[in-house]
Amino acid sequence: MAKLSIIVAPDRRLKLKSAPVERVDAAVRRLMDDMLETMYAAPGIGLAAPQVGVTRRIIVVDIARKGEAPAPLRMANPMRLWTSDSSVVYDEGCLSLPEQYSEVRRPDRVRVRYLDHDNATREIEAEGLLATCIQHEMDHLDGVLFVDHISALKRGIILRKLGKAKRTDALAGA
Ligand code: GNR
Ligand code: NI
């Protein structure tokens with residue numbers, strides 16, 4: 001396995017629409033495993049392929065806490081089948097928006113169809129944090145970040161801060 005580097009906003013690559021996977025073969029499976037390694041190391045509870053520079057519809061998720069048994073989900077071509085009318089608010093973060101958090105309201109439950117690591121079609125019904133995380137990852141596949149769900153004022157503050165940090169790092173040679 002290999003740890004991949006995570007793209008930080010603002011970056012045009014995070015705004016692209018990812019293309020479907022034709023089938024989950026050994027190369028896609030390896031990418032899923034590398035993404036999981038990258039996510040656990042960060043640490044994070046989800047990661048989408050465009051965050052590591054691959055514009056394909058692949059996400060990984062694991063909301064198990066430290067000390068709990070790992071529960072990795074590997075999903076290709078995830079597709080929303082149903083979302084609840086009831087919604088829930090979480091304080092969201094994103095590995096591509098380091099140290100930035102905002103409350104985002106999303107459907108509380110979702111039903112999603114996807115291809116698993118063996119290219120088998122599966123469906124999952126998720127609620128709470130798992131539902132939020134899966135929706136956050138699926139957004140990445142369409143070039144959408146959590147800041148696109150908050151006010152333009154708050155989004156501007158966060159993106160300007162990150163843009164400034166990038167320019168400072170570049171000058172420092174980081
Ligand atoms: O690690 C992450 N935490 C998180 C917290 C609340 C809602 C969504 C997330 S996903 C994020 C990792 C990430 O950036 N995935 O794309
Ligand atoms: Ni994210």
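The values are calculated or read from the model by the stated rules, or taken from the named source; none is laboratory data. It should be emphasised that the depicted structure is a prediction, and the values quoted were computed from it without experimental measurement. So basically every Cβ, Gly included, is an ideal-geometry build from the backbone, and we count neighbours across all protein chains shown. Calculation scope for accessible area: heavy atoms of the full protein, side chains included, ligands and nucleic acids excluded. Shrake-Rupley method; radii C 1.70, N 1.55, O 1.52, S 1.80 Å.
The residues listed here are A131, A126; of these, the one that is at pLDDT 95 or above, away from ligand 2 (no atom under 13 Å from the Cβ) and not in a strand (DSSP E or B) is A131. When region 63-110 is examined, which residues are found to be outside any loop (DSSP other than H, G, I, E, B) and under 23 Å from P10 (Cα atoms)? Result: Y90, D91, E92, S102, E103, V104, R105. The set of residues in region 69-102 that are charged (D, E, K, R) and free of Cβ contacts under 8 Å to residues at least 24 places away in the same chain comprises D85, D91, E99.
Look through region 125-165, keep the residues that are within 11 Å of ligand 1 (Cβ to nearest atom) and among the acidic types (D, E), and return whichever of them is surrounded by the most Cβ atoms within 10 Å (Cβ to Cβ). Taking the candidates together, the pick is E137.
When L36, L95 are checked against the criterion of being within 15 Å of the chain's Cα centre (by Cα), more than 14 Å from ligand 2 (Cβ to nearest atom) and either at pLDDT below 95 or of a type outside the set (V, I, T) (or both), a single residue qualifies: L36.
Scanning region 17-28 for residues that are surrounded by 15 or more Cβ atoms within 10 Å (Cβ to Cβ) and farther than 23 Å from P70 by Cα yields a count of 2. For region 111-121, state whether one or more residues are surrounded by fewer than 19 Cβ atoms within 10 Å (Cβ to Cβ), under 14 Å from the mean Cα position of the chain (by Cα) and touching a residue at least 12 places away in the same chain (Cβ under 8 Å). Within region 111-121, none of the residues are surrounded by fewer than 19 Cβ atoms within 10 Å (Cβ to Cβ), under 14 Å from the mean Cα position of the chain (by Cα) and touching a residue at least 12 places away in the same chain (Cβ under 8 Å).
Taken over region 75-85, the criterion of being open to solvent by 60 Å² or more (accessible area, probe 1.4 Å) and either farther than 21 Å from R29 by Cβ or within 15 Å of ligand 1 (Cβ to nearest atom) (or both) is satisfied by R80, L81, W82, D85.
The combined condition, being open to solvent by 20 Å² or more (accessible area, probe 1.4 Å) and under 17 Å from the mean Cα position of the chain (by Cα), is fulfilled by E103. Among the criteria (1) of a type in the set (D, E, K, R); (2) open to solvent by less than 50 Å² (accessible area, probe 1.4 Å); (3) farther than 14 Å from I134 by Cα, the one E37 does not fulfil is (2).
Looking at V89, V61, V8, can you tell me which residue is at pLDDT 95 or above and open to solvent by less than 20 Å² (accessible area, probe 1.4 Å)? Break it down stepwise before answering.
On the way: V89 fails: open to solvent by less than 20 Å² (accessible area, probe 1.4 Å); V8 fails: open to solvent by less than 20 Å² (accessible area, probe 1.4 Å).
Answer to the selection: V61.
In the set L31, L14, L47, only one residue is of a type outside the set (G, A, S), under 21 Å from L162 (Cα atoms), in a helix (DSSP H, G or I) and open to solvent by less than 50 Å² (accessible area, probe 1.4 Å); that residue is L14.
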